[in-house]
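In what follows, a single structure is set out as structure tokens and then discussed.
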Amino acid sequence: LVPLSDKSSMAPSTYAFFPVYPFLIRLIAIATHNVEVSALLLSLMLLMANFFSFYHIVSKLYNRSIAIKALFLFFFSPFSIFLRMYYTESIFLLLLLWCSYFLVKKRLVLASLVFGFLAVTKSNASLIALLILKRAIDQRRNIKKIMLYGICMTLPLLGWFLFILIQT
């Protein structure tokens, strides 16, 4: 891992990566003064947050019995190894769980806000915006509400673009 405080070792391509995960590591590194320890702590915190979020969401949508079975199957599946590493998959999963939950519950402003951060976590989240807009159109929302959802979805991305502009 490259120390984020040392800009001399950062190549211009460093800004090509999506910022949420490195930003969270940097925040924790303020307290730990060690990037590797910060990444480990973040990975463990996100693993626990995913565990409780997954259980909470599935138990709300179905029931506790199904939530426990789904949790067991998911966290002991081969994919779960990525949740224990220093990858963005853990934050992506957490945001995707809550974005999907808010979509199912038809709370589109919250889904849009969570999606905004999802979009600056990984690029493959961009198609979820179409689901939010489709849900808004299906609910016969007026154009002002749809524009509000669009603004909520793009604010984190615009913030990242502004950061890149200032840094270069």
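The values are calculated or read from the model by the stated rules, or taken from the named source; none is laboratory data. Please read these numbers as outputs of a predicted model, since none were measured by experiment. Cβ coordinates were reconstructed from backbone atoms using ideal geometry, including for glycine residues, and neighbour counts include every protein chain displayed. Side chains are part of the model used for accessible areas, which takes the heavy atoms of the whole protein and leaves out ligands, DNA and RNA. Shrake-Rupley method; radii C 1.70, N 1.55, O 1.52, S 1.80 Å.
Summing +1 for each Lys or Arg and -1 for each Asp or Glu, what net charge is found among the other residues whose Cβ lies under 14 Å from the Cβ of Val58?
Computed value for this residue: +4.
Working with all protein chains in place, sort His33, His56 by solvent-accessible area computed with a 1.4 Å probe, largest first.
So the residues, ranked largest to smallest area, are His33, His56.
At 20 angstrom or more along the helix axis (alpha-carbon based) and mean Kyte-Doolittle of 0.5 or higher, what helices does the chain contain? Whole DSSP H runs only.
Both cut-offs are met by 35-61, 89-104, 143-167.
Lysine pairs in the chain 8 or more apart or on different chains: how many have alpha carbons under 20 angstrom apart?
Close lysine pairs under the 20 Å cut-off: 10.
For the chain, state the average projected area of the convex hull of the C-alpha atoms over all orientations, rounded to one decimal in nm².
11.1 nm²
From the Cα gyration tensor of segment 36-99, with a ≥ b ≥ c the square roots of its eigenvalues, which class applies: rounded if a/c is under 1.5, or else prolate if a/b is larger than b/c, or else oblate?
Cα axes put segment 36-99 in the prolate bin.
Which percent of the accessible heavy-atom area of the chain goes to carbon and sulfur, probe 1.4 angstrom?
Looking at the chain in its full context, I get 73 percent from C and S.
Only Lys, Arg, Asp and Glu count, each charged at its Cβ (+1, +1, -1, -1), so figure out the dipole size of the chain about its Cα centre, rounded to 20 debye.
Approximately 940 debye in magnitude.
Efficiency by 1/(1 + (r/R0)^6): what FRET value for Ser123 and Leu44, r their Cβ-Cβ distance, R0 = 30 Å, to the nearest 0.05?
0.70
Can you tell which of Phe161, Val35, Ile128 lies farthest toward the positive end of the dipole of the chain, using +1 and -1 charges on the Cβ of basic and acidic side chains (Lys, Arg; Asp, Glu)?
Ile128
For the chain, what does the accessible surface come to per residue with a 1.4 Å probe? Please give it in Å².
In whole numbers, the chain has 62 Å² accessible per residue.
So what is the 222 nm mean residue ellipticity for the chain from helices alone, if each DSSP H run of at least 4 adds -39500 (n - 2.57) and you divide by all residues, rounding to the nearest 500 deg cm²/dmol?
-23000 deg cm²/dmol
For Asn63 paired with Thr32, estimate the spin-label separation in nm (one decimal), with each label point 7 Å from Cα along the Cα-to-Cβ line.
Using points 7 Å along Cα→Cβ, the separation is 4.1 nm.
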